[in-house]
Amino acid sequence: MEIKFSPEVSEAINEGRPVVALESTVIAHGLPHPRNLETAVKLEAVVRENGATPATIAVFGGQFCVGLRSDQMEQLATRNDIRKISRRDLAIAVANRLDCATTVATTAFIAKRAGIKVFATGGIGGVHRGFSADISADLPELAQTPITVVCSGAKIVLDLPRTREWLETYGITVLGWQCDEMPAFYSRTSGLAVDERVDAAAEVAAIADSRDRLGLTNSILVSVPVPERFEIDRSELESILAEALTLADKQGIHGKEITPFLLSQMSKRSGGRTLAANIALLENNARVAAEIAVAMG
Ligand code: PSU
Ligand code: MN
């Protein structure tokens with residue numbers, strides 16, 4: 001598989017220094033301009049400040065790019081023809097030399113093959129609400145890709161209890177970063193238990209190491225609660241989300257459009273508070289991911 005590394009990332013990998021992968025769908029489709037570009041640049045800075053090398057991943061001209069130039073970051077943040085790709089799209093993207101943003105599924109796929117052990121994001125995809133049979137391709141990818149994903153649980157727009165069950169059924173290890181409950185993206189609690197609480201990066205490194213020794217293929221999810229002062233109350237969120245879901249239904253929005261649509265509707269309806277929470281948790285997750293990458297050595 002042809003991967004195009006940036007000079008910075010290739011040097012870090014060759015010297016065995018810690019690297020943290022970052023996804024690009026959140027830049028192209030998850031956050032509005034110009035906050036998306038600011039956040040993408042900030043996430044890389046946070047990873048560096050915490051002793052690791054950031055590797056934002058995307059696809060340009062059908063090439064898997066690990067570590068982006070600043071003009072590529074800008075293209076992701078400003079062009080409206082960047083394709084959001086999941087596993088099903090990988091072969092099309094390569095054959096047709098497309099420019100694409102990678103989801104959790106495809107970022108994990110590329111990061112693993114690039115030799116990167118830790119990946120930070122906001123919230124993973126999961127089982128959608130209702131009876132739509134919409135299950136994010138993030139889930140099966142995490143079941144078959146042995147990497148460590150630092151996130152704030154699954155996005156609140158999803159059916160969290162069913163997503164939690166899915167993770168259990170397919171053997172994805174869910175750790176709670178200094179917490180006992182799986183966080184619910186914009187809120188710190190979900191009522192859903194994690195498999196194990198961890199309080200330090202070295203504990204995560206030891207569990208990932210054991211996973212590898214056992215020959216298990218699953219990801220380890222390190223779920224990190226949103227920083228307290230950005231947390232949004234669950235009941236308030238639910239009413240905003242109900243309105244957004246009704247509107248999505250009315251407008252016939254589904255498939256890969258639904259997640260970006262719901263996130264932007266919630267931001268509008270919360271006076272930008274969900275957006276602020278999303279950015280805060282992304283930055284915090286990038287910091288934790290860097291600490292874990294350093295602990296893995
Ligand atoms: N985290 C965020 N914002 C996002 C996403 C994650 O804070 O926009 C993206 C991720 O790329 C994830 C995708 O893989 O949403 C899930 O989309 P879907 O439900 O269509 O699989
Ligand atoms: Mn889907």
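Structure values in brief
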{"read-out": "Share antiparallel - DSSP beta bridges, region 160-267, percent rounded to 5", "value": "20"}
{"read-out": "Considering only the chain, percent of DSSP beta bridges that pair antiparallel, nearest 5", "value": "25"}
{"read-out": "Burial ranking of peptide ranges 9-15, 203-209 (average Cβ count within 10 Å, highest at the top)", "value": "203-209, 9-15"}
{"read-out": "When region 11-79 is reduced to its Cα atoms, the Kirkwood hydrodynamic radius in Å", "value": "12.3"}
{"read-out": "Antiparallel %, DSSP beta bridges [both residues in region 82-196], to 5", "value": "35"}
{"read-out": "Dimensionless Rg over Rh [region 79-208; C-alpha; Kirkwood]", "value": "0.98"}
{"read-out": "Net charge of Cβ neighbours under 11 Å - reference GLY51; Lys, Arg +1; Asp, Glu -1", "value": "+1"}
{"read-out": "Sequence-distant residues sharing a close amide H with PHE5 (under 5 Å, placed H)", "value": "VAL66"}
{"read-out": "Equivalent ellipsoid, region 174-257 (semi-axes from 5 times Cα gyration tensor eigenvalues, Å)", "value": "32, 18, 9"}
{"read-out": "Förster radius 35 Å - calculated FRET efficiency between GLN251 and ARG88, Cβ distance, rounded to 0.05", "value": "0.90"}
{"read-out": "Residues of the chain: accessible area per residue with a 1.4 Å probe, Å²", "value": "42"}
{"read-out": "Distance histogram for region 97-174 (every C-alpha pair counted, 5 angstrom bins, percent rounded to whole numbers)", "value": "3, 16, 26, 26, 16, 8, 4, 1"}
{"read-out": "Charge tally in the Cβ shell below 15 Å around VAL127, where Lys, Arg are +1 and Asp, Glu are -1, VAL127 excluded", "value": "-2"}
{"read-out": "Net charge of Cβ neighbours under 10 Å - reference HIS29; Lys, Arg +1; Asp, Glu -1", "value": "+2"}
{"read-out": "Under 5 Å, built H, 5+ apart or other chain: amide partners of PHE60", "value": "CYS65, CYS100"}
{"read-out": "Whole-Å semi-axes of region 203-297's equivalent ellipsoid (Cα gyration tensor)", "value": "34, 18, 10"}
{"read-out": "Stokes-Einstein D in µm²/s, Kirkwood radius over Cα pairs - the chain at 4 °C with 1.567 mPa s viscosity", "value": "69"}
{"read-out": "Rg over Rh, two decimals, region 26-126 (C-alpha only, Kirkwood Rh)", "value": "0.93"}
{"read-out": "Alpha-carbon radius of gyration plus Dmax, which is the widest Cα pair, for region 202-245 in Å", "value": "17.6, 47"}
{"read-out": "Alpha-carbon centroid distance for the pair region 165-212 / region 124-157, whole angstrom", "value": "14"}
{"read-out": "Only Lys, Arg (+1) and Asp, Glu (-1) charged, at Cβ; the chain dipole about Cα centre in debye", "value": "600"}
{"read-out": "Farthest positive-ward along the chain dipole, Cα basis, beta-carbon charges - from PRO183, ALA58, LEU22", "value": "ALA58"}
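The values are calculated or read from the model by the stated rules, or taken from the named source; none is laboratory data. Source: prediction; values computed, not measured. Counting neighbours? That spans all protein chains shown, and the Cβs are built from the backbone with ideal geometry, glycine included. Each accessible area value is taken on the protein alone, full model and side chains, heavy atoms only, with ligands, DNA and RNA left out. Shrake-Rupley method; radii C 1.70, N 1.55, O 1.52, S 1.80 Å.
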